[in-house]
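Visitor: Let me give you the structure first, and then I'll get to my questions.
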Amino acid sequence: MLDGLKSSLGDAIKKIVKSSGIDEELIKELSKDVQRALLQSDVNVRLVLEITKHLEERALNETPPPGLSRKNHIVKILYDELSNLLGNESEFDFKPGKQNKIILLGIQGSGKTTVASKLAKFLTGQGYKVGVVGADTYRPGALVQLKTMCEKSNVEVYGEENNKDSPSIVKNGLKYFEDQSLDIILIDTAGRHKEEQDLLDEMDRINKVADPDLALLVIDGTIGQQCFNQAEAFHKTIPVGGVIITKLDSSAKGGGALAASAATGAQIMYIGTGERIDDLEKFSPTRFVGRLLGMGDVQAVLDLAKRLESESDDDRMKRISSGKMNMEDFLSQLEEVTKMGSLQGILESMPGLSGMVKDDQVNQMEDRVTKWRYIIQSMTTQEKADPEGLLNSSRIKRIARGSGWPEGEVKELMKNYKNSKSMMKASKGRQMQGTLRRMGLG
């Protein structure tokens with residue numbers, strides 16, 4: 001399960017963070033812990049061996065960049081190896097002035113019809129005009145379900161209830177939408193299995209009729225390692241350009257996402273996280289891998305190291321203690337607290353703090369740091385330098401949209417930033433006490 005994978009990898013990371021020193025034995029032990037965690041989460045064996053082989057080689061031979069401890073560097077290497085399988089954050093490049101066609105593929109029960117309606121809603125929310133062709137002729141009620149769900153976002157669905165010839169429905173649907181000013185046409189198809197060759201042949205015929213700009217493979221996140229073979233079979237029939245993982249909540253096996261992406265060479269574009277029509281979001285490898293490691297956004301470790309290279313701690317602390325802290329400084333203070341991995345592990349190792357902070361408080365703190373990081377990263381350089389002077393209501397709305405969090409969260413960040421600025425000035429930069437207090441934990 002995803003929670004189990006997160007817990008196992010988190011425990012492996014804690015061993016590194018709490019260790020007195022790094023040696024070959026500890027690195028090999030980490031490699032075994034990671035193997036065990038990934039295999040238990042149904043990640044393909046070949047992928048597991050590939051990841052851990054690279055992990056060992058790099059951890060033993062690479063020299064950490066200036067400003068980054070060896071412990072953090074090993075965490076970063078593990079993050080790199082998992083992230084490499086998933087690629088960078090990806091979004092389809094919709095071409096203006098034409099109808100971009102997207103075909104949805106997947107086995108029966110993967111949730112394609114639900115995804116079609118969720119994706120229609122998501123894209124409509126981004127300002128695109130969307131139409132949907134319902135070409136699932138095998139599942140009773142599929143067209144009715146699709147129309148009912150798409151009505152919620154005012155998206156028109158074309159379908160033919162009594163026609164069982166999917167390729168002809170797709171052809172007729174594209175002709176129907178031909179003269180409408182649509183940006184995107186989604187094509188929902190029948191679920192099929194890699195062993196059902198007649199259905200795969202039909203899929204090939206649909207593909208030739210549709211000539212899609214993008215084929216999205218919808219994979220049920222709960223089926224685990226089977227994802228690899230299923231994804232590979234579909235990819236051989238129609239080149240898969242992107243993957244959508246459904247049912248990726250706490251009951252899902254996180255390895256399925258890794259397997260589907262690796263089998264097709266395609267990046268995961270979206271994930272479904274619940275039953276509601278709004279429960280679809282752009283996939284972020286950074287968030288996903290950080291979630292697996294139980295560490296938030298691990299990339300922040302390197303970002304922090306780069307800042308340390310370009311600016312000394314003394315310079316930054318002088319600015320903070322003089323009351324001139326900017327939003328970049330605020331972010332660096334938050335990352336100082338969380339950069340070493342499990343915050344609970346860090347707090348437990350600090351004299352006077354062990355046992356004082358409860359697990360739910362730590363989780364609240366780490367969640368808040370992750371949330372604020374995305375908000376700050378959505379600000380312009382000028383806004384980070386002078387947030388109090390520049391952040392008016394329209395800028396706050398734009399930052400909220402860019403970060404994916406409500407406007408209230410941006411305002412909450414600003415409130416804590418102002419409090420911290422005053423506190424840092426008063427305490428002359430005593431970080432941990434002030435950080436805990438401003439997060440509502442001290």
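None of the figures in this text is laboratory data; all of them are computed from the coordinates on show. If you're wondering where the values come from, they're calculated on a predicted model, not measured in any experiment. All Cβ positions, even for glycine, are placed from backbone atoms using ideal geometry, and neighbour counts span all protein chains on display.
Visitor: Inside segment 383-400, can you point out the residues that are surrounded by 17 or more Cβ atoms within 10 Å (Cβ to Cβ) and in a loop (DSSP other than H, G, I, E, B)?
Guide: Once the filter is applied, which keeps residues that are surrounded by 17 or more Cβ atoms within 10 Å (Cβ to Cβ) and in a loop (DSSP other than H, G, I, E, B), segment 383-400 yields only Leu391.
Visitor: If you take just the helices (runs of 4 or more DSSP H) that sit entirely in segment 92-205, which of them hold at least 1 residues that are under 26 Å from the mean Cα position of the chain (by Cα)?
Guide: Per the criteria, 112-125, 142-151.
Visitor: Let me ask another. Output yes when any residue across segment 83-103 is surrounded by fewer than 16 Cβ atoms within 10 Å (Cβ to Cβ), free of Cβ contacts under 8 Å to residues at least 24 places away in the same chain and of a type in the set (Lys, Arg), and no when none is.
Guide: Checked segment 83-103: at least one residue is surrounded by fewer than 16 Cβ atoms within 10 Å (Cβ to Cβ), free of Cβ contacts under 8 Å to residues at least 24 places away in the same chain and of a type in the set (Lys, Arg).
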